[in-house]
Amino acid sequence: MTTPPRQSASGDDVRFDDPIELAAIVAAAPRPLLIGLDIDGVLAPIVAHADDSRLLDGVADTVGRLANRYGVAVAAVSGRSLSSIRSFGLPDGLRLVGGHGLERNDRPTTPLDEEEAERLVDLHRLATAAAARAGDGAWVEEKAASVVLHVREAEPHRADDAIRELDESSAGVSGAERKHGSAVLELFARAASKGTAMRELIDEARAATAVFVGDDVTDEEAFAELGPADLAIKVGTAASIAGHRLRDPDAVLAWLRALDGHVADQRSG
Ligand SMILES: [Mg+2]
């Protein structure tokens with residue numbers, strides 16, 4: 001299950017960090033620096049249909065430069081499949097982590113065993129039934145080890161009912177894991193989390209400082225993996241355990257550009 005936020009903030013209570021000041025804080029932190037970035041809602045504005053999602057102009061160039069700076073590693077960590085992440089055209093030099101950590105671009109994915117494969121069939125059947133209940137606009141995405149019910153474009157009441165019913169029906173599937181997101185419910189035949197993925201990336205990079213930027217409920221698992229010297233950055237106004245906030249993908253891009261500028265200056269100076 002997804003880690004529940006320990007503290008909540010929402011609506012009028014939310015205070016956003018200044019992207020430029022936040023970049024200076026990160027640039028001053030000890031290296032090696034590992035930066036984990038969610039994609040949807042962070043590098044790409046949220047759109048009605050996930051297939052229409054595009055990076056903000058300037059993001060690819062900026063993260064590409066940053067990933068090649070001395071003592072800096074950058075990873076895109078998404079719930080999307082690896083093939084879907086690749087369609088964004090992120091530059092070489094970034095580590096790509098898909099399926100909430102189940103897939104990585106630098107190593108093969110372990111195939112599902114028989115039990116996991118059977119579980120995935122059961123979950124797919126339940127998700128398909130739920131999509132039919134949600135009606136027009138709902139659809140089921142199939143990934144290597146999970147299925148996702150998408151209801152962003154469905155009629156809101158029917159969408160809510162379908163998500164709730166699928167949450168209940170899938171709870172009966174032994175060994176399955178559920179993750180709620182924004183207008184989605186994902187059912188896993190094999191457990192995965194952005195928290196575990198970030199822990200691996202931090203260890204591999206021997207990072208002295210880790211930063212994770214995310215906007216959705218599942219990103220809280222990555223925030224929870226960070227230590228006191230690390231920086232958790234929530235995008236948007238939803239409840240979060242993160243200590244920092246940026247308003248939207250435009251603010252994230254401003255932060256990335258300022259950070260890259262700082263790092264470049266430090267290198268030449
Ligand atoms: Mg997101």
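One residue stands out among those in region 189-206 that are over 12 Å from residue 104 (Cβ atoms) and small (Gly, Ala, Ser): the one that is surrounded by the fewest Cβ atoms within 10 Å (Cβ to Cβ), which is 191. Is it the case, given these coordinates, that residue 58 is in contact with a strand residue (DSSP E or B) (Cβ under 7 Å, 6 or more places away or on another chain), modelled with pLDDT of 95 or more and not assigned by TED's automatic domain parsing to the domain that holds residue 180? Here the answer is no, as residue 58 does not meet what is asked. Among the residues of region 79-116, those that are part of a helix (DSSP H, G or I) and either under 17 Å from the mean Cα position of the chain (by Cα) or surrounded by 14 or more Cβ atoms within 10 Å (Cβ to Cβ) (or both) comprise 82, 83, 84, 85, 86, 99, 100, 101, 116. Taken together, 22, 56, 43, 37 contain a single residue that is touching a residue at least 60 places away in the same chain (Cβ under 8 Å) and either away from the ligand (no atom under 16 Å from the Cβ) or hydroxyl-bearing (Ser, Thr, Tyr) (or both), which is 22. Here is the figure for region 41-62: residues that are of a type in the set (A, V, I, L, M) and under 20 Å from residue 259 (Cα atoms) total 7. Hey, any hits in region 175-183 for a residue that's over 22 Å from the mean Cα position of the chain (by Cα) and in contact (Cβ under 8 Å) with a residue 12 or more places away in the chain? Yes, region 175-183 has at least one match.
Of all the numbered requirements in (1) within 16 Å of the ligand (Cβ to nearest atom); (2) without any contact (Cβ under 8 Å) to a residue 60 or more places away in the chain; (3) surrounded by fewer than 22 Cβ atoms within 10 Å (Cβ to Cβ), residue 135 misses one, and that requirement is (1).
The values are calculated or read from the model by the stated rules, or taken from the named source; none is laboratory data. Because the structure is a prediction, the values reported are computed rather than measured. Neighbour counts are summed over all protein chains in view; Cβ atoms, including those assigned to glycine, are modelled from backbone coordinates with ideal geometry.
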